[in-house]
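Visitor: Shown below is the structure under consideration.
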Amino acid sequence: MNTHPNITLTAGETALVEALGASANPAAAVTAEKIRARGLPTRRVEPWHYTDLRSLLKAFPGVEGEWGAQVDLPQLIDSFVITFANGSHVEGELANLPEGISGTASNSDMAPPEGVVIEADTIGDINRALSANGVSLTVADRAKVAKPVSLVHLAAGGASQVLTHQVVVGEDAEAVFLDRNHSSVEENHQNIVTNLAVGRNAKVTWLVDQELDTATDRLAQLNVHLAEGADLQLLILNAGGRLVRQEVHVAVRGAGANLDIKGVNLIGKDAHIDVTTTLAHEEPETTSTETFRNVALADGNGVFQGQIRVARIAQKTDARMACNTLLLSDAADFSAKPELEIFADDVQCAHGATVTDIEEDHLFYLRARGIPEREARALLVKAFVEEVFEDLDYEALSEVLTTRIENWLDRNG
Amino acid sequence: MLEIKNLHARIAEDGTEILKGVNLTVKDGEVAAIMGPNGSGKSTLSYVMAGKEDYEVTEGDILFNGQSILELEPDERAAAGIFLAFQYPVEIPGVPTMNFLKAAMNSQRKARGEEEMKTPDFIKTVRGAAEKLGISMDMLKRSLNTGFSGGEKKRAEILQMSLLDPKLCVMDETDSGLDIDALKVVSEGVNALRGPDRSFLVITHYQRLLEHIVPDTVHVLYKGRIIKSGDKSLALHLEENGYADVIGEAA
């Protein structure tokens, strides 16, 4: 083994290697060696082209940070709450989970679900090396879980939080999960991997919602397996953080499965928010839609990478992807990269990406009715993003997410 | 009410002069029709009145109740009581019509130092006005003008006009895109708003609209100037003979 660093490590890499060195997990040594040799991925590594992790990861605080600070968590909807504070499970007795759902502390099987293949899996490497906690939840076959379950992740005091969750939803079951993330003002780090298997004809709504503070970095991954006839509505609201990479990898493995991803990225000052999705359609007659609306202001940087792979046998696939962005300042930036790899011949795949400013004609119309310019602009920005969360499968979320967006725009717009 | 004096205006982007010395006076309660062939500057006049930034006034003035409005922002002009009914009302997806109406009404009230309207009063007011125009509450829950038919869009414009209670209504080719039934509904809506304190500037290409909204005065706009004024018989004359002889006279 080469003990001399092959490259000069950045401050972020050095801190990460140190944290890996402190772990007894054999996987940590392997990951540390990889980083020592090649560093974190740069823009030369294709899946990281728009998020140069090497230069963007500025720090990696110690894994065992003190839990002290208060973190405000905006109220969303009534749910059963499981809270992790700096990686420790502090709230939500798993014995008291709503009827139809059971849970244990998890750490055993941390591999992505069957069929999920991840290229340049730095997030997974770090997670497998350092994850110390998480939950494993199982929704019983045919259970209709009435109460949503929240997985709340709070980071405070300058700590890294590395968690792995496993969620298995049984056949014909229904459930709603809210994955929520907030942090204190100090330099915190989140690495959270969730593996979700949705069973035959099961119906799931999953929300990933982060309003991290502006010094918190987040590397997150949601790996999904959809069985025959499974139906997943995935909602993503990114409204904070410094360096944020949300990966979603989905193996659509059963005929008739349906995936609907709706996302809003609110990209403020100093934020770099990257949503990267890879969808593998591997059985006939599956559908997927991805709709993203983004607002970038100040020097905010946004990225959307959407990859759709359609296997040779996956005839009648219907996959649609749209990513529309409002740039509200000259210094703001958004990169969108759709990528289609289609091996079947009878499929419908569509993608579209636009970057726009507010339409002057719309603005003039509102002003001609007496609405002052600032207010008229705010109305139009809200309209642009809020449209995404209209008419959700789980209706109660529409209004609360809309309110969250409005509050963010009022504060930052 | 309105005094337009030697108004010159050009397109800001390329400097093309469109209005070349418009003079026009509209008295309180008067319905003045502006007619003219395509490209004479009718729509430009309406946009300049409303304050659209695509146009620059290079000379002359627009006085509204004795005060120049040229320095006012579009929203300030609206709050002062000038309403432009658009030829092509824009579709704004994601802004529910009701929310828009409330924002518009309350912005104008605020600008005039009046109290904002409470929600129940607002809904009652809108419901009453909408009913008269055959507009359903369902339509008002939809995004502003989005997916509305041509007739629905124009009725929605008249609804806004009646709710915002302006002193001067500038109506830009309100008859375009309307079938005869829709034209009747819209005209009745406008006629119901006529009164001694409210004036109208009705801009139209055809005489058809003026059979329903009978004007007090008719003015012919050609190449950026008013070349002839008269009473409603002038509109009939134009209908029968076209613009050619009036243009010929002025030349």
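Visitor: Starting from the Cα gyration tensor of region B:34-126, take the square roots of the eigenvalues, sort them a ≥ b ≥ c, and report rounded, prolate or oblate (rounded when a/c is under 1.5, otherwise prolate if a/b is larger than b/c, else oblate). Mind showing how you got there, number by number?
Guide: Working: a/c = 2.59, a/b = 1.56, b/c = 1.66.
The shape class here is oblate.
Visitor: Next up: Under 5 Å between amide hydrogens, which residues at least 5 positions from A:LEU207 or on another chain qualify, with H placed 1.01 Å from N in the peptide plane?
Guide: So A:LEU207 has HN proximity to A:PHE177, A:LEU178, A:ASP179, A:LEU235.
Visitor: Could you run the Karplus curve 6.51 cos²θ - 1.76 cosθ + 1.60 with θ = phi - 60° over region B:4-12 and give me ³J(HN,Hα) per residue in whole Hz, x for Gly and Pro?
Guide: Per-residue couplings from phi come out as 9, 10, 6, 7, 10, 9, 9, 6, 4 Hz.
Visitor: Same structure, new question: Quick one: if you stick a label point 7 Å off each Cα along the C-beta vector at B:GLU13 and B:ILE180, how many nm between them?
Guide: Those two pseudo-labels are separated by 3.9 nm.
Visitor: Now for a different question. If amide hydrogens are placed 1.01 Å from N in the peptide plane, which non-local residues have theirs closer than 5 Å to the one on A:LYS337?
Guide: A:PHE304, A:GLN305, A:GLY306
Visitor: Less than 11 Å Cβ to Cβ from A:ASP217, Lys/Arg counted +1 and Asp/Glu -1: what total charge do the surrounding residues give?
Guide: Numbers: positive: A:LYS58, A:ARG218, A:ARG242, A:ARG245; negative: A:GLU187, A:ASP213.
Once positives and negatives cancel, what remains is +2.
Visitor: Sum up the charges of everything whose Cβ sits under 9 Å from the Cβ of A:LEU243, counting Lys and Arg as +1 and Asp and Glu as -1, but leave A:LEU243 out. Provide the component values of the computation, followed by the final result.
Guide: Details: positive: A:LYS58, A:ARG218, A:ARG242, A:ARG245; negative: A:ASP217, A:ASP274.
Its environment carries a net charge of +2.
Visitor: Could you work out [θ]222 nm for chain B from helices alone, using -39500 (n - 2.57) per DSSP H run of at least four and dividing by all its residues? Round to the nearest 500 deg cm²/dmol. Write out the running numbers ahead of the final one.
Guide: Numbers: 10 runs with 101 residues, N = 251.
Helix contribution divided over all residues of chain B: -12000 deg cm²/dmol.
Visitor: Normalised by the number of residues in chain A, what is the relative contact order in percent for Cα pairs under 8 Å and 6+ residues apart?
Guide: 10 percent
Visitor: Tell me, B:MET98, B:MET35 in order of fewest to most beta-carbon neighbours within 10 Å? Mind showing how you got there, number by number?
Guide: Working: B:MET98 16, B:MET35 27.
In order of increasing Cβ crowding within 10 Å: B:MET98, B:MET35.
Visitor: A further question on this structure: Determine the distance separating the Cα centre of region B:62-125 from the Cα centre of region B:190-243; give it in Å without decimals.
Guide: 26 Å
Visitor: Volume per residue, Å³, of the convex hull around the alpha-carbon atoms of region B:6-164? Walk me through the numbers on the way to the answer.
Guide: On the way: hull volume 22.8 nm³, N = 159.
In region B:6-164, the Cα hull volume divided by residue count equals 143 Å³.
Visitor: Now, a different point. Greater than 24 Å separation of Cα atoms is the criterion. Which listed pairs, B:LYS42/B:LYS153; B:LYS141/B:LYS167; A:LYS382/B:LYS102; B:LYS110/B:LYS132; B:LYS132/B:LYS167; B:LYS124/B:LYS154, meet it? Don't jump to the answer; show the numbers that get you there.
Guide: Details: B:LYS42/B:LYS153 20 Å; B:LYS141/B:LYS167 28 Å; A:LYS382/B:LYS102 16 Å; B:LYS110/B:LYS132 27 Å; B:LYS132/B:LYS167 20 Å; B:LYS124/B:LYS154 22 Å.
Check vs 24 Å cut-off fails for B:LYS141/B:LYS167; B:LYS110/B:LYS132.
Visitor: Can you pull the percent of Cα pairs in chain A with separation above 33 Å? Let's see the in-between values first.
Guide: Details: 26325 of 85078 pairs.
Tail of P(r) above 33 Å: 31 percent of Cα pairs.
Visitor: Let me ask you something else. Report the net charge of residues surrounding A:SER150, where surrounding means a beta-carbon distance below 11 angstrom and charges are Lys +1, Arg +1, Asp -1, Glu -1. It would help to have the intermediate numbers written out before the result.
Guide: Values: positive: A:LYS147, A:ARG180; negative: A:ASP78, A:GLU91, A:ASP179, A:ASP209.
Net of charged neighbours comes to -2.
Visitor: Moving to a separate point now. Which value, in debye to the nearest 20, gives the size of the charge dipole of region A:78-357 about its Cα centre, when Lys and Arg are +1 and Asp and Glu are -1 at the Cβ?
Guide: Working: 19 positive and 39 negative charges, 41 e Å.
Magnitude of the dipole: close to 200 debye.
Visitor: Just in region B:1-62: which trypsin sites (Lys or Arg not before Pro) are loop by DSSP and have at most 16 other Cβ atoms within 10 Å? Walk me through the numbers on the way to the answer.
Guide: Values: sites: B:LYS5, B:ARG10, B:LYS20, B:LYS27, B:LYS42, B:LYS52; in loops: B:LYS27, B:LYS52.
Taking region B:1-62 and a limit of 16 other Cβ atoms within 10 Å, the loop trypsin sites (Lys or Arg not before Pro) found are B:LYS27.
Visitor: Among all stretches of chain A without exposed trypsin sites (Lys or Arg not before Pro) (DSSP loop, at most 10 other Cβ atoms within 10 Å), which one is longest?
Guide: Result, exposed sites excluded: A:45-311.
Visitor: Continuing with this model, one more query. Loop-only GluC sites (Glu not before Pro) in region A:89-174, please: DSSP not H, G, I, E or B, and at most 16 other Cβ atoms within 10 Å. Mind dumping the intermediate values first?
Guide: On the way: sites: A:GLU91, A:GLU93, A:GLU99, A:GLU114, A:GLU119, A:GLU171, A:GLU174; in loops: A:GLU93, A:GLU99, A:GLU114, A:GLU119, A:GLU171.
Answer by residue number: A:GLU93, A:GLU99, A:GLU114, A:GLU119.
Visitor: ³J(HN,Hα) across region A:94-99 via Karplus (A = 6.51, B = -1.76, C = 1.60, θ = phi - 60°), whole Hz, x for Gly/Pro?
Guide: Rounded to whole hertz, the list is 5, 5, 9, 4, x, 4.
Visitor: Under the definition of Cα pairs under 8 Å and six or more residues apart, what whole-number percent is the relative contact order of chain B? Intermediate values should be presented prior to the final figure.
Guide: Values: 453 pairs, mean separation 71.2, N = 251.
Computed over chain B, the figure is 28 percent.
Visitor: Can you list the residues, at least 5 places off or on another chain, whose amide H is less than 5 Å from the amide H of A:THR278, using H built in the peptide plane?
Guide: A:VAL248, A:HIS249, A:VAL250, A:GLN307
Visitor: Also, I was wondering about something else. Can you spot the lysines whose alpha carbon is less than 22 Å from A:LYS144's alpha carbon? Ignore those fewer than 8 places along the same chain.
Guide: Correct list for A:LYS144: A:LYS203.
Visitor: Using the number of other C-beta atoms within 10 angstrom as an exposure proxy, rank B:VAL218, A:VAL381 with the fewest first.
Guide: Values: B:VAL218 25, A:VAL381 21.
Going from sparsest to densest Cβ surroundings: A:VAL381, B:VAL218.
Just so you know, all these numbers are worked out from the coordinates, no wet-lab data involved. All values reported here derive from a predicted model rather than from experimental measurement. Cβ sites come from the backbone with ideal geometry, for glycine too, and all protein chains shown count toward neighbours.
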